[in-house]
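Values in this text are rule-based calculations from the coordinates and carry no lab data. Just so you know, these numbers come straight off a predicted model, no measurement behind them. Glycine also receives a Cβ, built like all others from the backbone with ideal geometry; neighbour counts cover every protein chain displayed.
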Amino acid sequence: MKSNFSWPKSYRCAVSLTFDDGLASQLKIAVPLLNKFGLRGTFYLNPCGEWRRNLAPWREVFESGHEIGNHSLSHLCSCNFSGEPTSRGLENVSLKDIEEDLVEAQRRLSEVFPEQRSWTFAYPCYQEFVGYGKKRKSYVPIVARYFIAARGVGVSKRVANSPLACDLHYLWSWPVEGMSGAEMIGYVMRAYAQGRWGILTFHGINEGHLSVSDVDFGELLDFLGSYKDRIWVAPVAEVAEYIREWRSRHGIGF
């Protein structure tokens, strides 16, 4: 990387472990394993339905040092998934609808986790638009009004986020469902070699169609634990705050 950018302490790169949808296996398997290895993750939740009751188990997760993030209220994705052109998908809602949805989700999350200072967002299905064709618009600018950073999906499996050039409100991530521990470690090492910020996206651990096994997840965490002095494993908000502050000090603004 052609710059004098430096990560804190002796770190060579940053890695964030993110988890979507607030699944039971995250509470049962992912959180205890992260705690075992002394690592912290970011958990993106949808505070819908009986949201106070649903969010209650996540208080302990937050209190043990993990980040809670906003994954919207309705988890709207493209109509193309269902094949129903008139369904309530992203093509058939407005920017106002999206804003109201994520603001209400944030109101609920902030009520349960009032101590959390900085908040980040994860785009459902990694998609950041509303409308069809000529009426299609990005809702990244709306997200940028309310959140310090937001996670999307990467366009290349080879490249992690450049701390100098990445859009903090549409960060690239690597979905890792179905991967072995060795494959996930390979992604981490790409970030390490590039001196960049690698973000891994998980859903279930031994759960659902987008899962990774607990054995492979544990292998990844064991590797990260052994590199604690060189790889900065931190929640999304913490890394984003560091990058924002560094850019500000060096006159890099977006």
| remark: Length gained, Ser213-Lys28, 0.36 nm per residue minus C-alpha separation, equals 65.3 nm
| field | Rounded to 5, percent antiparallel among DSSP beta bridges of the stretch 13-249 | value | 10 percent
| said: Can you give the local net charge around Tyr11? Use residues other than it whose beta-carbon is closer than 10 angstrom to its beta-carbon, Lys and Arg +1, Asp and Glu -1. | reply: +3
| Counting other C-beta atoms within 10 Å, which of Trp232, Trp51 has the fewest, and how do the rest follow? | Trp51, Trp232
| Dipole size in debye (nearest 20) for the chain around its Cα centre, Lys and Arg Cβ +1, Asp and Glu Cβ -1? | 980 debye
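Do you know the relative contact order of the chain, to the nearest whole percent, from alpha carbon pairs under 8 angstrom that are 6+ apart?
27 percent
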| remark: For the stretch 13-249, the charge dipole (Cβ of Lys, Arg +1; Cβ of Asp, Glu -1; about the Cα centre) points to a positive end, and the Cα of Gly38, Tyr123, Ala240 closest to that extreme belongs to Ala240
| If all Cα-Cα distances of the stretch 13-249 are sorted into 5 Å bins from 0 onward, what percent lands in each bin, rounded to whole numbers? | 1, 6, 14, 19, 20, 18, 12, 7, 2, 0, 0
| Net charge of neighbours whose Cβ lies under 9 Å from the Cβ of Arg190, counting Lys and Arg as +1 and Asp and Glu as -1 | +3
| Sequence-distant or interchain residues sharing an amide H contact under 5 Å with Tyr170, placed H: which? | Ala150
| remark: For the pair Phe129 and Cys48, the simple spin-label estimate (label points 7 Å beyond Cα toward Cβ) gives in nm 2.2 nm
| task | Over the alpha-carbon set of the stretch 91-189, work out the extent along each principal axis and list the three values in angstrom, largest first. | result | 42, 42, 30
| request: Can you tell me the FRET efficiency between Glu111 and Val140 if r is taken as the Cβ-Cβ distance and R0 is 41 Å, rounded to the nearest 0.05? | output: 0.95
| field | Cysteines without a disulfide-compatible neighbour (Cβ-Cβ under 4.7 Å), the chain | value | Cys13, Cys48, Cys79, Cys166
| In 10 Å bins starting at 0, how do the alpha-carbon pair distances of the stretch 129-175 split up by percent? | 25, 44, 29, 2
| query | How much net charge surrounds Asp229 when only the other residues with a Cβ under 14 Å from the Cβ of Asp229 are counted, with Lys and Arg +1 and Asp and Glu -1? | reply | +4
| query | DSSP H helices in the chain with Cα extent of 24 Å or more along the helix axis and mean Kyte-Doolittle hydropathy at least -1.0? | reply | 95-112
